[in-house]
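K.L.:
Got a structure for you, written out below as structure tokens; questions coming shortly.
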Amino acid sequence: MRILITGAAGFLGSHLADSLLAEGYSVVGVDNLSTGSLNNLRHLDREPRFTFEERDICLPFDLGRVDYVFNFASPASPVDYARLGIETLMVGSAGTRNALEIAKRRGAKFLHASTSECYGDPLVHPQREDYWGHVNPVGPRSVYDEAKRFSEALVMAYLRYHNVDTRLVRIFNTYGPRLQKNDGRVISNFMMQALKGDELSVYGEGNQTRSFCYVSDEIEGILRLARSDEHLPVNIGNPVEWTILECARAVLRVTGSASRIAFHPLPVDDPAQRKPDITKAKRLLEWEPKIDLETGLRLSLDYFRSCLGAETGEVRAAIS
Ligand code: UDP
């Protein structure tokens with residue numbers, strides 16, 4: 001089986017490539033490297049079943065025989081999609097369409113990486129898949145939220161009009177090694193700040209909530225969905241809800257850091273609460289996450305330490 005991953009140099013795309021290769025598949029990865037990094041794929045340099053092409057999926061493309069398409073290309077952190085707003089809208093529309101066209105032409109199955117952002121700043125809590133969401137269509141987050149919502153509509157249209165065998169995963173906050181150290185997300189910011197001894201930047205009063213899923217749990221859920229016949233969206237995330245302040249304290253415990261906590265203004269439209277209802281994933285996929293936040297943060301420590309080491313090395317090189 002030959003599998004195409006768009007966004008293969010990203011956090012989730014690269015972990016997905018590893019898991020699929022470990023299961024014996026051949027993987028072709030594409031990425032325009034706008035937010036992904038070849039560092040995430042370096043360890044596959046000598047893997048004969050893996051090939052990589054740097055390309056922008058917003059332009060039509062074809063890579064020969066493909067049996068499964070995993071569409072993971074998109075900026076995904078609020079800082080990145082704010083910086084790359086038009087690109088985010090385009091990859092969610094033209095890019096997703098080009099990926100779907102490949103699945104249609106090649107008779108491949110298709111799994112699209114959607115997001116809890118489809119629920120916006122949710123008024124229903126926890127979020128079930130049949131909740132339609134509460135999204136500001138014109139706010140700063142709309143470039144991401146509406147791109148992903150459009151993608152979901154496009155994927156469903158290719159299922160209905162072209163019989164492409166599609167799946168939609170709604171991914172909730174995920175973390176672990178290979179998260180970009182400077183993507184502005186809460187876990188990467190807090191871990192880097194704690195390791196440097198800098199203040200942890202809590203936005204607002206830190207009483208907004210998120211539910212954090214460790215990357216290996218997330219990938220396992222996605223692969224189970226890929227093997228299922230479910231076409232409607234499935235939430236894959238960890239349902240244990242944390243306030244951001246509690247999350248900051250967990251990072252301090254795990255890193256043993258003496259950093260202080262500092263409060264900063266809350267970004268516009270920052271969702272007040274987020275927690276997946278994973279009843280559907282449990283029933284359909286017999287999946288639930290196994291790794292709690294503190295364990296996952298511990299498993300991520302070496303990675304963030306190595307990011308810090310690389311940073312220190314860069315500074316030394318710049319000075320000398
Ligand atoms: N956040 C924070 N400090 C940071 C980065 C993020 O308090 O340095 C908060 C942010 O306001 C949001 C939550 O943490 O409420 C998660 O933000 P993130 O950017 O990781 O992703 P989101 O879930 O908003 O897409």
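K.L.:
Residue by residue through the range 160-195, note down the ones that are exposed (fewer than 15 other Cβ atoms within 10 Å of the Cβ) and either basic (Lys, Arg) or out of contact with any Ser or Thr (no Cβ under 9 Å at 6 or more places or on another chain) (or both).
P.N.:
If the condition is that a residue be exposed (fewer than 15 other Cβ atoms within 10 Å of the Cβ) and either basic (Lys, Arg) or out of contact with any Ser or Thr (no Cβ under 9 Å at 6 or more places or on another chain) (or both), then Arg160, Tyr161, His162, Asn163 are the ones that fit.
K.L.:
Right, another one. Taking the conditions exactly as written (out of contact with any His (no Cβ under 8 Å at 6 or more places or on another chain) and part of a helix (DSSP H, G or I)), does Lys148 satisfy them or not?
P.N.:
On the way: out of contact with any His (no Cβ under 8 Å at 6 or more places or on another chain): yes; part of a helix (DSSP H, G or I): yes.
Here the answer is yes, as Lys148 does meet what is asked.
K.L.:
Which of (1) assigned to a strand (DSSP E or B); (2) without any contact (Cβ under 8 Å) to a residue 40 or more places away in the chain; (3) under 22 Å from Tyr214 (Cβ atoms) is the odd one out, the single condition Ile5 does not satisfy?
P.N.:
Every listed condition holds for Ile5 apart from (2).
K.L.:
What's the number of the condition Arg298 fails, among (1) charged (D, E, K, R); (2) free of Cβ contacts under 8 Å to residues at least 60 places away in the same chain; (3) over 27 Å from Leu21 (Cβ atoms)?
P.N.:
Single failed check for Arg298: (3).
K.L.:
Right, next: Collect the residues in the range 46-83 that are part of a loop (DSSP other than H, G, I, E, B), within 16 Å of Asn32 (Cβ to Cβ) and of a type in the set (A, V, I, L, M, F, W, C), keeping them in residue-number order.
P.N.:
Ile57, Cys58, Leu59, Phe61, Leu63, Phe72, Ala73, Ala76
K.L.:
Say we look at the range 204-243 and pick out the residues that are within 16 Å of the ligand (Cβ to nearest atom), aliphatic (A, V, I, L, M) and not in a loop (DSSP other than H, G, I, E, B); which of these is surrounded by the most Cβ atoms within 10 Å (Cβ to Cβ)?
P.N.:
Checking each candidate, the answer is Ile236.
K.L.:
Let me ask something else about it. Starting from the range 132-160, take each residue that is over 21 Å from Leu266 (Cα atoms) and list its partners that are assigned to a loop (DSSP other than H, G, I, E, B) and polar (S, T, N, Q), counting only C-beta distances under 9 angstrom and pairs at least six apart or across chains.
P.N.:
Ala147/Ser74; Lys148/Ser74; Ser151/Ser74
K.L.:
Just a yes or no: is a residue in the range 16-33 within 30 Å of Ser142 (Cβ to Cβ) and of a type in the set (Val, Ile, Thr)?
P.N.:
yes
K.L.:
Okay, moving on. Check whether at least one residue in the range 137-145 is within 16 Å of the ligand (Cβ to nearest atom), under 20 Å from Arg298 (Cα atoms) and among the basic types (Lys, Arg), and report yes or no. Even if it seems obvious, please write down each step before you answer.
P.N.:
Of the range 137-145, the ones within 16 Å of the ligand (Cβ to nearest atom) are 139-145.
Applying the additional criterion that residues be under 20 Å from Arg298 (Cα atoms) yields none.
No: zero hits.
K.L.:
In the range 256-278, how many are exposed (fewer than 14 other Cβ atoms within 10 Å of the Cβ) and away from the ligand (no atom under 12 Å from the Cβ)?
P.N.:
3
K.L.:
From the list Glu87, Glu117, pick out the single residue that is buried (at least 20 other Cβ atoms within 10 Å of the Cβ), of a type in the set (Asp, Glu), within 15 Å of the ligand (Cβ to nearest atom) and outside any strand (DSSP E or B).
P.N.:
Criteria check complete, one pass: Glu117.
Values quoted throughout were computed directly from the atomic coordinates according to the rules given, and no laboratory measurement underlies them. Treat the numbers as computed from the prediction; the structure is a model and nothing was measured. Backbone-built Cβ (ideal geometry, glycine too); neighbour counts: all protein chains shown.
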